[in-house]
Amino acid sequence: MYIVIAGGGEVGGELARTLEKTHEVVVIDRNPQAKERFAPLDVKVVVGGATDPDTLREAGVDRADLFIASTDSDEVNLLASLLAKGLGAAQVLCFVGKGGYVEVLTDPRTAEILGTRIDRVLWPQRAMAREIVEVILVPEAVDVEQLAEGRLRYAEYRVKEGSPYAHRPLSELSWPEGVLVVGVVRDGGFLSFAHPDFPGLVLHPGDKLLFATTAKAFPELEAHFAEGRGVRRVMVLGGGNVGFLVAQELLRRRVEVVVVEPSLERCQWLAQELPEALVIRGDGTDLELLEAEGMAEADAVVAVTDNDEKNLLASLLAKQLGVGKVITRVSRSGTRRLFERVGVDLPLTPRQAAVRAVLDFLGPENVEHVSTMDENIELLEVELPESFAPKPLAGLAGPQVAPIALERDHRVMLYREGLEALPGDRLFLVAAREVADAAVARILG
């Protein structure tokens, strides 16, 4: 496919890196330094504004199979998308940061008024906020997903120094019935349960254990890692779009929420929209303010300002004050590993959700990229077509590929020896990102 991406920032850059391997990609960016930044990739860079028709023509939008608007400005994305569609782009994806735009642009009446239609409006901040909330509500987990309408749960736990699992081989550990050990993440790499070294693997502090469980068994798995009380109070640093969505959902779950935001105007809006939350005007890196407002009593802190340095400093302060779980927004991929090394439980970036959304749009209709862990491990959901030849799940597994469960007639079955995948089944699997597409192609082939 010929793909034009407007915006070479964090989201656009990651999309270009992901797509250039299998597609012809052109990136439009205002910054002349973008050419140097993208030099290692097989990507053409056009310097100019995404809303300039001449720049769009130079990028070849008229013959584009797909145009993706991913700049930092909603308004630029919207106008660029409409221009690209008008100039002949076959399909257009538009990223926005405000929910109001999603509602308007997905209304059929809007297309009638504008005379054209944006094919897909994407809101990665919403996916990011939902992920944050799910992780907060499971105190010791560093990642959680609900699958098959809640009948299947995926969870990731970090092995801590002094825990009963540190420095022990996996073969010595036992888990409740209905719990499957999917694999281990070590130094960003994924070893599935089918890896030849897996049974004798000795767990190290910092390793992450990946589990799939039935809904019934999930509380028993939680009990193996849970310490202390459940989540009652959360402090959100940054009242932007993500912070607002996180606070809104937590309040709906009857969790006490404190929001710290430096803008007076934004604080006034937040106080009106979130009457049950305590909204405080201030700097999320002001230690005296954070201590005075009871950060030490928070069960979790979410740092989601638009500044990585402030988020890192706020996270360090939270850890020093003894907060059990710290979740942080990271804009630059290069700093994600740093955040983990200093103790941040879950560094997240909206671009993970953005890439998943684009891959789902481009890929087969029966394949969904549910989640990305550690930026290079995919959780996938594959609907097996009627033409699928029955295969044992064991034959689909590999050192970096773990088929974890099947859903058949609304019934979930965890992986086991002898279980066979049949046409019409929904298959859930975890795979290292570099082998995920090949694994799916092999399964469907």
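The values are calculated or read from the model by the stated rules, or taken from the named source; none is laboratory data. Predicted, not measured: the structure shown is a model, and the values here were computed from it. Neighbour counts run over all protein chains shown; Cβ positions are idealised from the backbone, glycine included.
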Only residues in segment 21-32 that are assigned to a loop (DSSP other than H, G, I, E, B) count as the first member; pair them with residues that are of a type outside the set (G, A, S), Cβ under 6 angstrom, at least 6 apart or cross-chain, and list the lot.
-> H23/M1; H23/I3; P32/V47
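State yes or no: is E220 over 20 Å from E156 (Cα atoms), in contact (Cβ under 8 Å) with a residue 24 or more places away in the chain, surrounded by fewer than 22 Cβ atoms within 10 Å (Cβ to Cβ) and acidic (D, E)?
No, not satisfied.
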Extreme residue, modelled with the lowest pLDDT, among residues of segment 263-292 that are in contact with a strand residue (DSSP E or B) (Cβ under 7 Å, 6 or more places away or on another chain) and farther than 12 Å from F244 by Cβ | G284
Reported set for segment 138-166 where residues are in contact (Cβ under 8 Å) with a residue 60 or more places away in the chain, of a type in the set (D, E, K, R) and in a loop (DSSP other than H, G, I, E, B) is E140, R151
Taking into account only those residues within segment 123-167 that are within 29 Å of H410 (Cβ to Cβ) and among the small types (G, A, S), which is surrounded by the fewest Cβ atoms within 10 Å (Cβ to Cβ)?
-> G150
Just need a number here: residues in segment 295-319 that are surrounded by fewer than 17 Cβ atoms within 10 Å (Cβ to Cβ), touching a residue at least 40 places away in the same chain (Cβ under 8 Å) and farther than 24 Å from P350 by Cα.
-> 1
Across segment 47-62, what is the number of residues that are assigned to a loop (DSSP other than H, G, I, E, B) and touching a residue at least 12 places away in the same chain (Cβ under 8 Å)?
-> 6
Return yes when L170 is farther than 29 Å from H410 by Cβ and not acidic (D, E) and no when it is not.
-> yes
